[in-house]
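The values are calculated or read from the model by the stated rules, or taken from the named source; none is laboratory data. Here the structure is a predicted model, which is why all the values come from computation and not from measurement. Neighbour counts are summed over all protein chains in view; Cβ atoms, including those assigned to glycine, are modelled from backbone coordinates with ideal geometry.
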Amino acid sequence: SSNLNIRKVTYTGEKSSQEKDYTSPAIVRDASKCILCGRCVGACGTMQTVGAISFAKRGFDTVISTAFGRPLAESTCVNCGQCIMACPVGALSERENIDDVWDDLADPAKYVVVQTAPAVRVALGEEFGLPVGTRVTGKMVAALRKLGFDKVFDANFGADLTIMEEGTELLSRLGSGENLPLMTSCCPGWVKFMEHNFPDRLGNLSTCKSPHEMEGSMVKSFFAKKAGIDPKNIVVVSIMPCTAKKYEGAREELSREGLQDVDWVLTTRELAAMIKEAGLDFVNLKDEAFDNPIGKGSGAAVIFGATGGVAEAALRTVFEITSGKALDTIEYTAVRGMEGIKETVIDLPTGQRIRTAVVHGLGNARKLMEAMERGDKTYDFMEVMACPGGCITGGGQPIVDAGTSE
Ligand code: SF4
């Protein structure tokens, strides 16, 4: 994109009187910076078909607004952050939690555990001038230890748990024939989109928590017990490519006995900012490994960040459980006339068939949901990621600028 890369502007002249909207736990809107270019409206309304913000009034009074000027938290915003990626002047940004995490790191009574998503390790390097896609897992782990985290875990462990849980849930729904298709629930943008747009289909969503939530709850139960630490003193921080995970982390139902599974979610951009604030020479850090016992993940978990990864991992699990054999390559075919949607059919040795669809981008997801409502399409399993391209191009990833980068 030809993004202007203006993120934080210090005003020197007359400042607009418009208040910042801090109501959402994920997205902050500063309408005083808005230049009415409408890119966010295109990203939110046309591309994602969420339509949480749009042009209002017109003429000299034109503004970009939520419906009836309501606060963002009361709109249909799904927190995917694609508006942030589109905004050239920083009028939209993630709700920063950097200071919250610094405070916890500085508190000697707190035991601060961090976990990182697969899509972060392949994007963080961009913030430090490394070529796009450079894998910096070892340097990232080293940097997190230097920032003061007590344990550095891999969210891939949680992804493996999700795969096992979701695979067995799929098998049991195939057996009962109820609530099919099973729809993945690891993308909080998609879950909120369903809540607003297809509430009668909520029973189709998987009952599994997303990987970092599963891992957060494991840290505050299994790990806390093993390490002899009171869970009340444990702080779980997730580093995610995603702004919607901030909203997910704050959801009341993802807590137990008053403790959130995950306390803070930082985006890849926020982690890069912390590393820069600490003055670490990131590029020259020596590689370090994740901590055990929650530091190991399988090959299946690594593909979670890419679109189709969750479905593939779950299908492989189901096939192996029912046949005792590994599944060969999964061949997908593109759905005609529907860009961003692919499908496949897996035959199980039990005689059951799993008709699967993989979708990225909420605009595509809406098209598929409508095709299913019309009866034009039937599936048993659906993987949906809200962001076009999946988490790898999530709303919390580095913003790549054409010709204007630092
Ligand atoms: Fe977050 Fe990934 Fe969903 Fe985007 S696709 S909202 S990055 S979980």
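Among the residues of segment 74-92, those that are assigned to a loop (DSSP other than H, G, I, E, B), within 15 Å of the ligand (Cβ to nearest atom) and either outside the structural domain of residue 30 (by TED's automatic domain parsing) or among the β-branched types (Val, Ile, Thr) (or both) comprise 76, 78.
A quick yes/no check of all residues on (1) over 18 Å from the mean Cα position of the chain (by Cα); (2) at pLDDT 95 or above; (3) not assigned by TED's automatic domain parsing to the domain that holds residue 86:
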| residue | (1), (2), (3) |
| --- | --- |
| 366 | yes, yes, yes |
| 369 | yes, yes, yes |
| 374 | yes, yes, yes |
| 379 | yes, yes, yes |
| 384 | no, yes, yes |
| 389 | no, no, yes |
| 394 | no, yes, yes |
| 403 | yes, no, yes |
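Residues of segment 175-193 that are in contact with a strand residue (DSSP E or B) (Cβ under 7 Å, 6 or more places away or on another chain) and either within 16 Å of the ligand (Cβ to nearest atom) or part of a helix (DSSP H, G or I) (or both): 183, 184, 185, 187, 190, 191.
For segment 165-173, the condition of being at pLDDT below 95, surrounded by fewer than 19 Cβ atoms within 10 Å (Cβ to Cβ), of a type outside the set (Lys, Arg) and within 20 Å of the chain's Cα centre (by Cα) holds for at least one residue. Only residues that are within 16 Å of the ligand (Cβ to nearest atom) and in a helix (DSSP H, G or I) were counted in segment 149-174, giving 6. Can you name every residue in segment 227-249 that is more than 12 Å from the ligand (Cβ to nearest atom), closer than 21 Å to residue 102 by Cβ and in a helix (DSSP H, G or I)? Matches in segment 227-249: 232, 233.
From the list 132, 136, 114, exactly one residue is β-branched (Val, Ile, Thr) and at pLDDT below 95. Which is it? Answer to the selection: 132. Looking only at residues of segment 250-262 that are in a loop (DSSP other than H, G, I, E, B) and touching a Gly at 6+ places or on another chain (Cβ under 7 Å), we find that the one that is surrounded by the fewest Cβ atoms within 10 Å (Cβ to Cβ) is 261.
Annotation note: of 67, 143, 109, the sole residue that is aliphatic (A, V, I, L, M) and closer than 25 Å to residue 193 by Cβ is 67. Here residue 213 meets each of (1) part of a helix (DSSP H, G or I); (2) over 28 Å from residue 145 (Cβ atoms) with one exception, condition (2). Please enumerate the residues belonging to segment 361-388 that are surrounded by 22 or more Cβ atoms within 10 Å (Cβ to Cβ) and among the aromatic types (Phe, Trp, Tyr). The answer is 381, and nothing else.
For segment 114-148, residues that are buried (at least 23 other Cβ atoms within 10 Å of the Cβ) and not in a helix (DSSP H, G or I) total 6. Restricting attention to segment 263-280, does a residue exist that is assigned to a helix (DSSP H, G or I), within 16 Å of the ligand (Cβ to nearest atom), out of contact with any Leu (no Cβ under 8 Å at 6 or more places or on another chain) and not acidic (Asp, Glu)? The answer is yes, given that some residue of segment 263-280 is assigned to a helix (DSSP H, G or I), within 16 Å of the ligand (Cβ to nearest atom), out of contact with any Leu (no Cβ under 8 Å at 6 or more places or on another chain) and not acidic (Asp, Glu).
Each row is one residue, and each column tells you yes or no for (1) within 16 Å of the ligand (Cβ to nearest atom); (2) out of contact with any Pro (no Cβ under 8 Å at 6 or more places or on another chain).
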position	(1), (2)
349	no, yes
353	no, yes
358	yes, yes
365	yes, yes
370	no, yes
373	no, yes
377	no, yes
382	yes, no
396	yes, no
